[in-house]
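Step one of this worksheet: look at the structure below.
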Amino acid sequence: MSDAASQDAPHGTIAFLGLGHMGGPMAVNLVKAGYPVAGFDVVPAAIEEAGRNGVPTVENVVDAVRGASVVLTMLPSGRHLLDAYRGTDGMPGLLAEAAPGTLFLDCSTINVDEAREAARLALDAGHRSVDAPVSGGVVGAEAGTLTFMVGGTAEDFDAVRPMLEVMGKRIVHCGDHGLGQAAKVCNNLILGISMIAVSEAFVLGEKLGLTHQALFDVASNASGQCWALTTNCPVPGPVPTSPANRDYQPGFAGALMAKDLRLALNALESNGVAARLGPLATEIYEAFAAEGGAGRDFSGIITEIRAKSDSTESAGTDT
Ligand code: NAD
């Protein structure tokens, strides 16, 4: 176990539930750092793959939480999380199975309201609760370079920080329960809207006869500068590592952007924000995902904008 891990190691195991695209490599990094992990997934193939990658696994949730001091979840949605916490017909609830005082650490991306409900359920059951959604994607999960946005008490933040540092490189305490999820949806609201803005600007530039490189050289050094332009540039050429250079292979898939914008929209609505671009961006990305963009990088939205634009000849699009 690394020094950082050994100082604040949990006294029991980490029950790791959800060994999918993200959870699988995150569990591997915990194991490599010396943490005792008991991995479980409802899909047997995910358990087998995690086992092949060196993660100790168990066959059911009861075995996973037995002896655990931390229950880490990396699940598809808030519904999955709340069902897992409470239990369903076929599966015992995690909250009831865990020993009193267990720290429930949820890293899934879910609605802010669901995160607060999950925390309340955990606290009411005599446990501790932290929400810690991530950004950085599968590449970040494998490399241990995720960003964690953490909601919970200062004491619980200190308790989870060493294990988050094994899986990530930037760990931000955003405030109380649910505020990790809040930071995540706010950030992705900015990202979804800004990618549409950058894409519309490039298509307009094409129509006006600007080369991609000329627009990039100006905007990346001017007030149009943003991550969607300078890191994930939606046209091939100016940023060689952006997904546009590999036919929009993700990267960050359109389905996930649509999901995250839906979470942002739910938060906008339930908090009465007079937002106009957020709902529109959600509609745009849900259509993109439904019309073939689900598995493409979200910057592929530019191809939709271009395809739906008038087919007047552009004067010059080469970079
Ligand atoms: P995934 O679908 O690959 O993995 C989720 C896993 O959870 C699946 O293997 C599923 O079988 C398992 N699962 C469902 N219910 C379960 C239960 N009750 N007990 C145990 N396992 C259960 O999804 P993913 O890409 O790994 O994403 C996980 C979470 O991380 C999502 O909330 C997603 O929005 C978020 N996220 C994903 C990315 C990404 O790039 N993939 C990036 C940032 C955040």
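The values are calculated or read from the model by the stated rules, or taken from the named source; none is laboratory data. Keep in mind the model is a prediction, meaning the values are calculated, not measured. Cβ placement follows ideal geometry from the backbone for every residue including glycine, while neighbour counts extend to all protein chains displayed. Side chains are part of the model used for accessible areas, which takes the heavy atoms of the whole protein and leaves out ligands, DNA and RNA. Shrake-Rupley method; radii C 1.70, N 1.55, O 1.52, S 1.80 Å.
Helix 254-270 and the longest principal axis of the C-alpha atoms of the chain enclose an angle of approximately 80°. In this label model, Ser311 and Asp124 are separated by 5.9 nm, measuring between points 7 Å along each Cα→Cβ vector.
Apply the Karplus parameterisation 6.51 cos²θ - 1.76 cosθ + 1.60, with θ equal to phi minus 60°, to every residue of region 200-217 and state each ³J(HN,Hα) to the nearest whole Hz, in sequence, with x for glycine and proline. With the stated coefficients, region 200-217 comes to 4, 5, 5, 5, 4, x, 4, 4, 7, x, 7, 6, 4, 5, 5, 5, 4, 4 Hz.
In this rough spin-label picture, where each label sits 7 Å from Cα along the Cβ direction, the Gln249-Glu283 distance is 3.5 nm.
Using Cα-Cα distances under 8 Å and only pairs 6 or more residues apart, what relative contact order does the chain have, in percent? Normalised by residue count, the contact order of the chain is 13 percent. Would you work out if region 132-193 is rounded, prolate or oblate? Take a ≥ b ≥ c from the square roots of the eigenvalues of the alpha-carbon gyration tensor; rounded if a/c is under 1.5, else prolate when a/b is larger than b/c, oblate otherwise. Oblate, because a/c is 1.5 or more while a/b does not exceed b/c.
A simple rule links phi to the HN-Hα coupling: the Karplus curve 6.51 cos²θ - 1.76 cosθ + 1.60 with θ = phi - 60°, which for region 22-27 gives 8, x, x, x, 5, 5 Hz, with x for Gly and Pro. Given R₀ = 45 Å, FRET efficiency for Ala45-Leu204 by Cβ-Cβ distance, to 0.05? It comes out at approximately 0.45.
Across region 3-175, the mean sequence separation of Cα contacts (distance under 8 Å, 6 or more residues apart), normalised by length, yields a relative contact order of 20 percent.
In this rough spin-label picture, where each label sits 7 Å from Cα along the Cβ direction, the Arg66-His11 distance is 2.0 nm.
Spread over its residues, the convex hull of the C-alpha atoms of region 183-308 is 105 Å³ per residue. Relative to the first principal axis of the alpha-carbon coordinates of the chain, what is the inclination of helix 154-167, with its axis defined by its Cα atoms, in degrees from 0 to 90 and to the nearest 10? Taking the Cα atoms of the chain, the angle to 154-167 is about 70 degrees. Here is the size of region 3-175 from its Cα atoms: Rg then Dmax, 14.2, 42 Å.
Please give the helix 112-124 orientation as an angle from the longest Cα principal axis of the chain, in degrees from 0 to 90, rounded to the nearest 10. The angle comes out near 10 degrees.
Each DSSP beta bridge with both residues in region 3-175 is either parallel or antiparallel, and the antiparallel ones are about 15%. Only protein heavy atoms count here; under a 1.4 Å probe, Met257 has an accessible surface of about 0 Å².
Applying 1/(1 + (r/R0)^6) with R0 = 30 Å to the Cβ-Cβ distance of Asn53 and Ala197 gives a FRET efficiency near 0.15. Derived scalar couplings between HN and Hα for region 61-68 equal 5, 5, 5, 5, 8, 5, x, 8 Hz in order, rounded to whole Hz, by the Karplus curve 6.51 cos²θ - 1.76 cosθ + 1.60 (θ = phi - 60°), x for Gly and Pro. Lysine pairs in the chain whose alpha-carbon atoms fall under 24 angstrom of each other, counting only those eight or more residues apart or on distinct chains, come to 5. Annotation note: GluC sites (Glu not before Pro) in region 213-319 located in DSSP loop regions with a Cβ neighbour count of at most 14 within 10 Å are Glu313. Summarised as an ellipsoid, the chain has semi-axes of 39, 20, 18 Å, derived from the eigenvalues of the Cα gyration tensor scaled by 5 and square-rooted, with the largest first. Summarising the amide proton neighbourhood of Leu146: residues at separation of 5 or more, or on other chains, whose placed amide H is nearer than 5 Å comprise Gly168, Lys169.
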